[in-house]
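Comments concern the structure below.
The values are calculated or read from the model by the stated rules, or taken from the named source; none is laboratory data. Every value quoted in this text rests on a predicted model; they were computed, and no experiment measured them. Cβ: placed from backbone, ideal geometry, glycine included. Neighbour counts: every protein chain shown. For the accessible areas, the whole protein counts, side chains as well, though only heavy atoms, and no ligand, DNA or RNA atoms are used. Shrake-Rupley method; radii C 1.70, N 1.55, O 1.52, S 1.80 Å.
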Amino acid sequence: MPIDFQCIRCWEQIQVPEGAQETSATCPHCQHRQRVPGYFGASANHSASEQAKEFTDDDSTEFVPAITESDLHEMARRRLMIPVKACQWLLLVALLFIGVMGVFILGTLWETGVQRSKFSSFLTSGILVTWVIGLLLLAMKGLRHAGKADHKKRAWGGLVICTFIGFVYPLILPFAIWGLVVMTDQDVERGFKS
């Protein structure tokens, strides 16, 4: 019966023939050379250093870390890709909708003329729309940082803003919550550059 185990670098499944315990195998996906795991559970007499040798290369006695910083960074980027891209597209649709509605309202006001009594409400509406557009653009900037996994605080800010936007734009809410849940993972958190 063949032996199945996961690569210590890319976590892909590797299959080797039976009897290959304690020998070297190369991962067909990432080309990392590693030992085929043995069955230490059968004997409790192995020391921690002997068990650590299971995860070292044949050519060195140094411990090879299972996941490097660049691996963590890439994993964080991949795990955040779907919720971040979905939020970005939905925010873009919201920005386009607000822009079209703004042009429509301005066109209507231009045709009918702005009366003095309605000028203050027009100004208040303009300030509110400008504030909402600024908030959406700030969320887009935070999502861009989340997509690159390069600035943790801005990524959190972008996803939190999307969550608040989700209360008036419910399509974005599940993706924003998904992104926040992924951000709480310790591996994803360590994968951010700052």
Quiz item: Using heavy-atom solvent-accessible surface (probe 1.4 Å) with all chains present, what is the largest-first order of Ile165, Ile127, Ile98?
Solution: Ile127, Ile98, Ile165
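Please work out the FRET efficiency for the pair Ser70 and Thr184, using the Cβ-Cβ distance as r and a Förster radius of 22 Å; give the result to the nearest 0.05.
Working: r = 22 Å, r/R0 = 1.00.
After rounding to 0.05, the efficiency reads 0.50.
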Self-check item: Approximate spin-label separation Glu18-Leu95, in nm, with each point projected 7 Å along Cα-to-Cβ
Solution: 6.0
Quiz item: What whole-number value in Å² describes the accessible area per residue of the stretch 70-194 for a 1.4 Å probe?
Solution: 65
Quiz item: Roughly how many Å² of Trp11 are accessible to a 1.4 Å probe, to the nearest 10?
Solution: 120
Quiz prompt | Förster radius 35 Å - calculated FRET efficiency between His32 and Lys193, Cβ distance, rounded to 0.05 | solution = 0.90
Quiz item: Taking a probe of 1.4 angstrom, what is the accessible area of Glu12 in Å², to the nearest 10?
Solution: 80
